[in-house]
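The values are calculated or read from the model by the stated rules, or taken from the named source; none is laboratory data. It should be emphasised that the depicted structure is a prediction, and the values quoted were computed from it without experimental measurement. Cβ sites come from the backbone with ideal geometry, for glycine too, and all protein chains shown count toward neighbours. Each accessible area value is taken on the protein alone, full model and side chains, heavy atoms only, with ligands, DNA and RNA left out. Shrake-Rupley method; radii C 1.70, N 1.55, O 1.52, S 1.80 Å.
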Amino acid sequence: MLLFFILFVSALCLAAFPLFFRVEGEVISFDWEPGMEAILQFLTGTDGHAPGSVRDLTDYSNFGEMFGYSAFTLWFAGTLVLLVGVPAGMFFSKISGWPKSVVGFLGIIPDFVLAIFLQLVVILIYRKSGILVLEVASVYDQVAWVLPMVTLTLVPLVYLVQFVSGRTRQILTEDFIRTAKAKGLSRIKIYMHHVFRNLLPSIRGQLHQLNATLLGNLLIIEYWFNSPGITRFLDTRDYYYPLMAKTLICLILIYWIAYGWMRLLLWLIGKRLVHD
C-alpha cells in the first residue's frame, strides 16, 4: 500500500513536471506554484474542462475502452510469457549449441527493430501474393493483435527462458534430485514436484522485472502499431494535466493488476502441479 501511494504521488508530480518550469525568452526558471495548483485542482475535482484545442480529447470519451485494451494486452502478454517461458526454460536447460545461441540472439533484438522487420515481412508477402496475412497496424475497427503481441512478449519471454534454464541446471545438481532419481521417480515427476517447486520462489522474484519490461514495451508497441490503448494520451504535443495524470495513474494500476494476476497464476499452477 505504501509503495502504491508513493507511485501515485510520483505520477501526479511527473504529470505536472512541465508546469514547474517557466520559460521567458531564453531563460528557464523553476516555479512550483502552477504545478502544485494543478495537482490540488485535480485531487479536488476542480480542474475544469479541457480547452477545445486539445486534439487528444476527441478520443477522451473512449478512455475506459482504451484502458481496457491496454490492461488486457498487458494481462495477456504476462500470461503468455509465464505459460510459455517456464516450460521452455526447463526444456532448454538440457539443450546447448546453436538453439541456445538463437534464443540468446532473439533476446538482444530491440523492440522497434523487430516491429519494423515483422511489418516489412507482412508487406512483402502482401506485395508478392496479394494476401494480407496479418494487420500491420490498427486502423479504425481493424485492430492489429498478432504483430504487437509478438513484439511485446519476445524480449521478456527470452529473458525468462534463459533465467529458468540457468536456474533449472543449478537445481538439477542438488542432492535431493539425486535422491529422487535413486528412488526411481520418473523425469516428469522430478521436474513437476521437485524442480518446479524450487523454481517458483525464483520466478516470483523476477515478476517485477518481467512486468516492468512488458509495460515499457507497451508504451512503444501501442505507438508503433497505432493501437487503441491509453498510452496515446502521453503525447505531450497537446499537454493537458488532468489527462496526463489520469493516464499515468491508470498505467500504474494496469501494472499492479498484471503483477497480481501473474503471482496468482504461479500460485494456481504450483498448487496444481507441486501439491497434486
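Checking the cross-link filter: which lysines have an alpha carbon closer than 25 Å to that of LYS94, excluding same-chain neighbours under 8 positions apart? Reachable lysines: LYS181, LYS183, LYS189.
Among LYS246, LYS189, the order of accessible area from largest down is LYS189, LYS246, computed with a 1.4 Å probe on protein heavy atoms. So what is Rg over Rh here for the range 134-276, counting just Cα atoms and using Kirkwood for Rh? Answer for the range 134-276: 1.13.
With all protein chains in place and a 1.4 Å probe, the accessible surface of the chain carries 66 percent carbon and sulfur. For the range 69-86, putting each phi into the Karplus relation 6.51 cos²θ - 1.76 cosθ + 1.60 with θ = phi - 60° gives couplings of 5, 5, 5, 5, 4, 5, 4, 5, 5, x, 4, 4, 4, 6, 5, 9, x, 5 Hz, in residue order, rounded to whole numbers and with x for Gly and Pro. Heavy-atom accessible surface of VAL23, to the nearest 10 Å², is about 100 Å², with a 1.4 Å probe and all protein chains retained. Here the dipole of the range 157-276 is about 680 debye; that uses its Cα centre as origin and unit charges on the Cβ of Lys and Arg (positive) and Asp and Glu (negative). The residues of the chain present an accessible area of 58 Å² per residue when probed at 1.4 Å with all protein chains retained. Only one residue of TYR191, PHE72, ILE269 has its Cα farthest out toward the positive end of the dipole of the chain, where Lys and Arg carry +1 and Asp and Glu -1 on Cβ, and that residue is TYR191. In the context of the full protein assembly, GLU33 retains an accessible surface of approximately 110 Å², using a probe radius of 1.4 Å and ignoring ligands and nucleic acids. Taken over the C-alpha atoms, the chain has Rg and Dmax values of 23.2, 80 angstrom.
Which order do ASP141, ASP235 take by accessible area at a 1.4 Å probe, largest first?
So, going from the largest accessible area down, we get ASP141, ASP235.
The loop-placed chymotrypsin sites (Phe, Trp or Tyr not before Pro) in the range 138-197, going by DSSP, that have at most 11 neighbouring Cβ atoms within 10 Å of their Cβ come out as TYR140. Using the Cβ-Cβ distance between SER129 and MET149 with R0 set to 22 Å, the FRET efficiency from 1/(1 + (r/R0)^6) comes to roughly 0.40.
Charges only on Cβ, +1 for Lys and Arg, -1 for Asp and Glu: so what's the dipole of the chain about the Cα centre, in debye to the nearest 20?
Result for the chain is approximately 2220 debye, rounded to the nearest 20.
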